[in-house]
Amino acid sequence: MKFAYWVPNVSGGLVVSTIEQRTHWGYEYNRDLARIAENSGFEYALTQVRYAASYGASEQHESTAFSLSLLLATERLKVIAAVHPGLWHPGVLAKWIITADHLSGGRAAVNVVSGWLKQEFVGFGEPWLEHDERYRRTGEFIQALRGLWTEQGFDLRGDFYRFHDATLRPAPVDVPGRAHPEIFFGGNSTVARATAGAHADWYFSNGKDLDGFGEQYHDVTDAAKTAGRAIRFGLNGFMIARDSQAEARETLREIVAKADRPAVDGFRDAVRQAGASTSDKKGMWADSTYEDLVQYNDGFRTGLIGTPEEIAERIIAFKRRGVNLFLLGYLHFQEEVQQFGATVLPLVRELEAEEARTA
């Protein structure tokens, strides 16, 4: 099992609540956090992308520049920059990632976000495509990235992007076991699952319980098999590790009780519109409750709430269902990332070793 953490490059922390969060969106805090994380067993960090202030965040740093700063501040951590097709041209991004890859010794990655917040596009005067068209564009965007990273004289005659005999030099860093910089992608809808299976290296899921993740796993795996591909799976989870289950549950209760209701309500209204735009109503957050939306990627639903022992068991249960990576959020990032490395991760490794011996 691999572990990633959400980079808090956005103000307000990872829950939309007035509860204390000893987390800061600035560079110095995040530089120190990245170093703590790579020394605590984390292999990846995901830098968030937002342009329009939303769900309680008034400040946000741009994801690719921030990712590069973290790559240059660390030695082993792989940093995933989230990007929007439609706001980036894939050729420009492919070149940018190659440069970041060389500057970091082969540790740059990208998370392609099709986009659900309309204001981010119309505010910049960019066309706002209907739901399924955004995912068709994403498919071509990923095709372009992969082609530019692996081929010389790359050609693409798409509906959204066209390339003619395009070659980027240098190529990305030659990393054993990696064909090119890793491409992550997420989305809950039916068309998003098909897009992931057909194009991505990794599928990111919003927070889900075991059965909810299992449904996504089967859909995306089937789509990948149809395309003659294999794909790995990441799952979002908000971790509350405390000395007792009661203490962890009390922290969750306080988070929800102190939720910033106007911000959560505004977020809920926006995501309801996004979910309703899908033909089968399976869009992102389509079945999320108010409590779920206090952590804006449904992180509470994964159930990583309790003692370190309980959380480790829960992580292994998801591993058995096909999760390869956990993307984690916390209230107090620096302290709790370090705590994870000291208390939870060793238990996970013990359980993995025991399962291997049993097998």
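Nothing in this text is a laboratory measurement; each read-out follows from the coordinates by a stated rule. What you are looking at is a predicted structure, and each value in this text was computed from that prediction instead of being measured. Glycine gets a Cβ as well: all are built from the backbone with ideal geometry, and neighbour counts include every protein chain shown.
Taking the DSSP beta bridges with both ends in the chain, the antiparallel portion is around 15 percent.
Take every Cα pair under 8 Å in the stretch 191-243 that's 6+ residues apart, average their separations, divide by the length, and report that relative contact order as a whole percent.
Relative contact order, the stretch 191-243: 48 percent.
Here's how it looks for Lys78: its modeled amide H is under 5 Å from those of Tyr44, Ala45, which are all 5 or more places away or on a different chain. Using the alpha-carbon atoms, what tilt in degrees (0 to 90, nearest 10) does helix 190-199 show relative to the longest principal axis of the chain? That works out to roughly 60 degrees.
Per-residue counts of other Cβ atoms within 10 Å, averaged by peptide: what ranking do you get for 336-345, 145-154, highest first?
Listed from highest to lowest mean packing, they are 336-345, 145-154.
Which of rounded, prolate or oblate describes the stretch 193-243 when judged by the alpha-carbon gyration tensor and an a/c cut-off of 1.5?
Prolate, because a/c is 1.5 or more and a/b exceeds b/c.
Excluding same-chain neighbours fewer than eight residues apart, the aspartates and glutamates reachable from Lys258 by a Cα-Cα span under 15 Å are Glu20, Glu250, Glu291, Asp292. Protection proxy ranking for 129-136, 80-87, 173-180, 292-299, using the average of other Cβ atoms within 10 Å per residue and placing the highest first: 292-299, 80-87, 129-136, 173-180.
When peptides 347-353, 91-97, 185-191 are ranked by their average number of other Cβ atoms within 10 Å per residue, the highest-first order is 185-191, 91-97, 347-353. Please enumerate, by chain and number, the aspartates and glutamates with C-alpha under 14 Å from the C-alpha of Lys78, excluding those fewer than 8 residues away in the same chain. Straight-distance partners of Lys78: Glu38, Glu43, Asp101, Glu182.
Is the C-alpha gyration tensor of the stretch 8-140 telling us rounded, prolate or oblate? Criteria: a/c under 1.5 is rounded; beyond that, a/b larger than b/c is prolate, otherwise oblate. Cα axes put the stretch 8-140 in the oblate bin.
Annotation: amide H of Gly187 within the under-5 Å range of Phe204, Asn206, sequence separation 5 or more or interchain, hydrogens built in the peptide plane. Our summary gives the chain a relative contact order of 20 percent, counting only alpha carbon pairs under 8 angstrom and 6 or more residues apart.
Taking the inverse of the average 1/r across all pairs of different Cα atoms in the stretch 2-358, what Kirkwood radius in Å do you get? One over the average 1/r among Cα pairs gives 20.7 Å for the stretch 2-358.
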